[in-house]
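This report concerns only the one structure given below.
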Amino acid sequence: MGVLALALAWGCGSGLQPAAPSGHPEPGGANFAEGRPAMEGRGVTLALPRDDPGGPHKPTLLLRADVYSVGEDDIWSLKDVRAEAYGAQEEAEPIILEAGRARFQETKMAYLKEGVVARVGSMRIELIDLEWINEERVGRTDHPVLIQTDDIRLNASSLRLYPDERRIVMTDVVGTLRFGRNES
């Protein structure tokens with residue numbers, strides 16, 4: 001799987017960039033960890049695969065990033081991230097995610113942070129962070145969340161996102177729901 005992700009990085013990138021001369025990441029760079037990355041580059045697509053052979057062929061999560069680095073521990077650090085979370089129904093629209101930064105561990109997880117926004121149809125969800133656990137097929141955060149549509153504005157203290165079931169679970173929810181519109 002590591003070779004596949006590496007091949008995707010090379011095939012989708014516009015060339016590898018040399019590491020910064022100092023032993024520390026540059027301010028504002030793609031690195032989350034201290035120390036020198038093993039590899040850096042621009043443009044990458046990474047996927048978290050499904051483990052059910054008879055199920056849908058799409059991955060559970062597909063990430064694209066403008067800038068990446070890979071540390072010696074094979075943890076990918078990503079900047080300017082766009083992702084798609086796919087449910088079990090092959091024809092269903094994916095959940096679209098955007099984030100300033102993310103970390104990615106092959107076959108296991110992705111962690112998005114900095115301005116995370118999820119779009120589920122016309123619903124917009126603003127999050128501080130979102131952790132995707134591939135084995136459980138769940139996106140989760142235990143930080144404040146804001147959900148908005150034309151008729152809904154909800155704040156919650158945590159969120160669980162289950163794309164397979166097309167279900168969102170929140171705790172400590174407060175907000176406004178508008179029933180029916182006066183159309184004239």
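Which one is surrounded by the most Cβ atoms within 10 Å (Cβ to Cβ), of the residues in the range 62-91 that are within 18 Å of Lys108 (Cα to Cα) and β-branched (Val, Ile, Thr)? My answer is Val81. Got at least one residue in the range 62-77 being within 17 Å of Glu136 (Cβ to Cβ), touching a residue at least 60 places away in the same chain (Cβ under 8 Å) and not small (Gly, Ala, Ser)? Among the residues of the range 62-77, not one is within 17 Å of Glu136 (Cβ to Cβ), touching a residue at least 60 places away in the same chain (Cβ under 8 Å) and not small (Gly, Ala, Ser), which makes the answer no. Scanning the range 139-165 for residues that are in a loop (DSSP other than H, G, I, E, B) and out of contact with any Gly (no Cβ under 6 Å at 6 or more places or on another chain), we see that the one that is nearest to Ala88 (Cα to Cα) is Glu165.
Taken together, Glu136, Glu131, Glu126, Glu114 contain a single residue that is outside any strand (DSSP E or B), surrounded by fewer than 18 Cβ atoms within 10 Å (Cβ to Cβ) and within 19 Å of the chain's Cα centre (by Cα), which is Glu136.
One residue stands out in the range 142-184 among those that are of a type in the set (Val, Ile, Thr) and farther than 15 Å from Val120 by Cβ: the one that is surrounded by the most Cβ atoms within 10 Å (Cβ to Cβ), namely Val173.
Checked against (1) at pLDDT below 85; (2) more than 19 Å from the chain's Cα centre (by Cα), Ala5 meets all criteria but (2).
Yes or no, residue by residue, for (1) of a type outside the set (Ser, Thr, Tyr); (2) farther than 30 Å from Asp73 by Cβ; (3) modelled with pLDDT under 95; (4) touching a helix residue (DSSP H, G or I) at 6+ places or on another chain (Cβ under 6 Å):
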| site | (1), (2), (3), (4) |
| --- | --- |
| Arg124 | yes, yes, no, no |
| Glu135 | yes, no, yes, no |
| Val138 | yes, no, no, no |
| Arg160 | yes, no, no, no |
| Arg166 | yes, yes, yes, no |
| Val169 | yes, yes, no, no |
| Asp172 | yes, yes, no, no |
| Leu177 | yes, yes, yes, no |
| Gly180 | yes, yes, yes, no |
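Given the options Leu97, Leu63, name the one that is at pLDDT 70 or above, closer than 21 Å to Asp164 by Cα, part of a strand (DSSP E or B) and touching a Phe, Trp or Tyr at 6+ places or on another chain (Cβ under 7 Å).
Going through Leu97, Leu63 in turn, just one is at pLDDT 70 or above, closer than 21 Å to Asp164 by Cα, part of a strand (DSSP E or B) and touching a Phe, Trp or Tyr at 6+ places or on another chain (Cβ under 7 Å): Leu63.
Name the single residue that is surrounded by the most Cβ atoms within 10 Å (Cβ to Cβ) among those in the range 92-111 being acidic (Asp, Glu) and within 18 Å of Lys58 (Cα to Cα). The extreme case among them is Glu106. Could you tell me whether any residue of the range 103-119 is among the β-branched types (Val, Ile, Thr) and modelled with pLDDT of 90 or more? Yes, the range 103-119 contains at least one residue that is among the β-branched types (Val, Ile, Thr) and modelled with pLDDT of 90 or more. In this structure, Leu16 does satisfy being at pLDDT below 85 and touching a helix residue (DSSP H, G or I) at 6+ places or on another chain (Cβ under 9 Å).
The values are calculated or read from the model by the stated rules, or taken from the named source; none is laboratory data. This structure is a prediction, so every number in the text was calculated from the model and none was measured. Virtual Cβ from ideal backbone geometry, glycine too; neighbours counted across all protein chains shown.
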